[in-house]
Amino acid sequence: MCLAVPARVESCDSEKETARVETFGVQRDVSTRLIDESLKPGDYVLVHVGFAMRKIDIRQAEETLQMHNKIIHEFDS
Amino acid sequence: MSLTADTDLVDSFRDGRKIRAFARAIDNCYDGRPLAIMEVCGGHTHTIYRYGLAQHLPPGLKLIHGPGCPVCIMPKERIDAAIRMAQKPGVILVTLGDMMRVPGETMSLADARAGGARVEVVYSPLDTLKIALQNPHHRVVFFAIGFETTTPMTAVLVESVIAQKIKNVFFHINHVLVPPAVRALLEQQNNIDAFIAPSHVSVVTGAGIYQFMVSEYNRPVVVAGFEPVDVMQAILMLLQQDTPRLEIQYKRNVDMKGGLKAQQLVNTYFEIAPEFHWRGLGPIPASSLQLREEFSSHDAAIEFADECQLKPVPDHKLCLCGEILKGRALPKDCRVFGKGCTPEKPLGPCMVSSEGACAAEFKYGSLL
């Protein structure tokens, strides 16, 4: 129920408060009514039941992945 | 490193090599003391089963499944209320797919639909608007379920209904809250040492809602993402804490504050309801939401007062969902698991819901 998927913003309509997003090649329209920041094409959002919930913090994602690489480096056999 | 494709936000958090590396890091860090970690959210339960994460952990480290499955904790009487409304002539009941096959006292919504009741499944709550506009002489009831993740979406539906002056939409509200449920667990029992906190509830509310688990109950808490590498990293972070703290592993989507617009919307349309009877946990005060009084013209509890009368309906005698939701039993402890209760013919919600522990055990358990 609480599953949400990352999606890439293709285009936004700030008046209608919607955006066209793409996940794994599938495009659909979502509501952006809940998003605090402004969105632009190329941004990534978390999508849940037809809504963009939040803009994904790509910098944080990259930092997390870098931390993973450190673990692999130290603990990979 | 730059992120250019979906793979970087999904596949890299499912990478088997990383899962195994984190397993070794956990093993290296673990001091051997028996430790019980509860993952609150059903989505995490599902990830743990699907990727067989428990196998990667040292034997003293136990994972306990929590009550964070909004379908699983729904008591039968609320499903029956939805069924009674759906069965009334001139009513269309609108629901997310998750609730269709969960048994009420005598039947599920799917059974009711097969019997002629008008039940529509939607992907988004906003799809309700079209149904209402296309059926102006019907009363359309939205069966609202979910934790804090989904409540803002219902709030947007309420906002749209009012803005567009759509008079024939009503709300059967069953939104529940995570912190009171966790507090009830911590008060009722003492078998949980640490917590993996929900991912997407936290996106909306901010991680700050779990601070009381540290300050009042001295338990370590890490907010984890849904992917298997997220969960493994969160377990490592829990082990690495010297004194109990609240930390966020899911930093790409969660901060302490959460979504302000979402919170404001929820606050505009909803208030805390006096009590909600949780399957397994029992009645918990101030653990759910109801529509604010000024919107009572759209409240199904008032429009359909008769049908929405909630008389507690006991679970099936042999159904162990209640104990499973508290982390006090495992699916395999249930006498009817896999025999009288299967995904095709479920006796309880834990077998129906995609996030239920029993459904996960049934689907993935034999693979381990």
Problem set entry | Residue check, A:Thr18 at pLDDT 95 or above and either under 22 Å from B:Val204 (Cα atoms) or at the interface with chain B (Cβ under 9 Å from one of its Cβ atoms) (or both) | yes
Exercise. Among the residues of region B:46-59, is there at least one that is within 22 Å of B:Gly348 (Cβ to Cβ), of a type in the set (Lys, Arg) and surrounded by 19 or more Cβ atoms within 10 Å (Cβ to Cβ)?
Worked result: no
Exercise. From the list B:Gly225, B:Gly208, which one is small (Gly, Ala, Ser), buried (at least 24 other Cβ atoms within 10 Å of the Cβ) and under 30 Å from A:Arg33 (Cα atoms)?
Worked result: B:Gly225
Exercise. Is it the case that B:Tyr30 is over 22 Å from A:Val5 (Cβ atoms) and in contact with a helix residue (DSSP H, G or I) (Cβ under 8 Å, 6 or more places away or on another chain)?
Worked result: yes
For this session: Could you look through region A:20-38, keep only residues that are hydroxyl-bearing (Ser, Thr, Tyr) and part of a strand (DSSP E or B), and pick out the one that is farthest from B:Met232 (Cα to Cα)?
Result: A:Ser31
Problem set entry | Selection status of A:Arg8, facing chain B (nearest Cβ under 9 Å) and closer than 26 Å to B:Lys18 by Cα | yes
Problem set entry | Selection status of B:Phe195, of a type in the set (Phe, Trp, Tyr) and farther than 25 Å from B:Gly322 by Cα | no
Problem set entry | Within region A:30-62, considering residues that are more than 7 Å from every other protein chain (Cβ to nearest Cβ) and loosely packed, with under 15 Cβ neighbours inside 10 Å, the one nearest to the chain's Cα centre (by Cα) | A:Gly42
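Looking only at region A:39-77, how many residues end up being of a type in the set (A, V, I, L, M), in a helix (DSSP H, G or I) and out of contact with any Ser or Thr (no Cβ under 7 Å at 6 or more places or on another chain)?
5
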For this session: Inspect all residues belonging to region B:245-261 and state whether any of them is β-branched (Val, Ile, Thr), more than 15 Å from B:Ile73 (Cβ to Cβ) and within 18 Å of the chain's Cα centre (by Cα).
Result: yes
For this session: Kindly indicate whether B:Ala197 is among the small types (Gly, Ala, Ser), within 14 Å of chain A (Cβ to nearest Cβ) and over 24 Å from B:Pro70 (Cα atoms).
Result: no
Problem set entry | Failed item in (1) over 30 Å from B:Asn190 (Cα atoms); (2) within 16 Å of the chain's Cα centre (by Cα), with B:Asp111 passing the rest | (2)
Problem set entry | Residues satisfying the stated conditions in region B:250-271, i.e. more than 9 Å from chain A (Cβ to nearest Cβ), within 20 Å of B:Leu157 (Cα to Cα) and not polar (S, T, N, Q) | B:Val266, B:Tyr269, B:Phe270, B:Glu271
Problem set entry | Complete set of residues in region A:2-18 that are under 13 Å from A:Ile35 (Cβ atoms), over 12 Å from the mean Cα position of the chain (by Cα) and among the small types (Gly, Ala, Ser) | A:Ser14
Exercise. Quick check: anything in region B:148-165 more than 11 Å from every other protein chain (Cβ to nearest Cβ) and not in a helix (DSSP H, G or I)?
Worked result: yes
Exercise. All but one of (1) out of contact with any strand residue (DSSP E or B) (no Cβ under 6 Å at 6 or more places or on another chain); (2) over 24 Å from B:Ala305 (Cβ atoms); (3) surrounded by 24 or more Cβ atoms within 10 Å (Cβ to Cβ) hold for B:Arg101; which doesn't?
Worked result: (3)
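One line per residue, one yes/no per condition, for (1) at pLDDT below 95; (2) hydrophobic (A, V, I, L, M, F, W, C); (3) touching a Phe, Trp or Tyr at 6+ places or on another chain (Cβ under 7 Å):
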{"residue": "B:Ala23", "(1), (2), (3)": "no, yes, no"}
{"residue": "B:Ile26", "(1), (2), (3)": "no, yes, no"}
{"residue": "B:Glu39", "(1), (2), (3)": "no, no, no"}
{"residue": "B:His46", "(1), (2), (3)": "yes, no, no"}
{"residue": "B:Tyr49", "(1), (2), (3)": "yes, no, yes"}
{"residue": "B:Leu57", "(1), (2), (3)": "no, yes, no"}
For this session: With the checklist (1) in contact with a Lys or Arg (Cβ under 9 Å, 6 or more places away or on another chain); (2) in a helix (DSSP H, G or I) in hand, flag the one item B:Arg24 doesn't pass.
Result: (1)
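The values are calculated or read from the model by the stated rules, or taken from the named source; none is laboratory data. Just so it is clear, the structure is predicted and the values come from calculations on it, not from any experiment. Methodologically, a virtual Cβ is constructed for each residue, glycine included, from the backbone with ideal geometry; neighbour enumeration extends over all protein chains shown.
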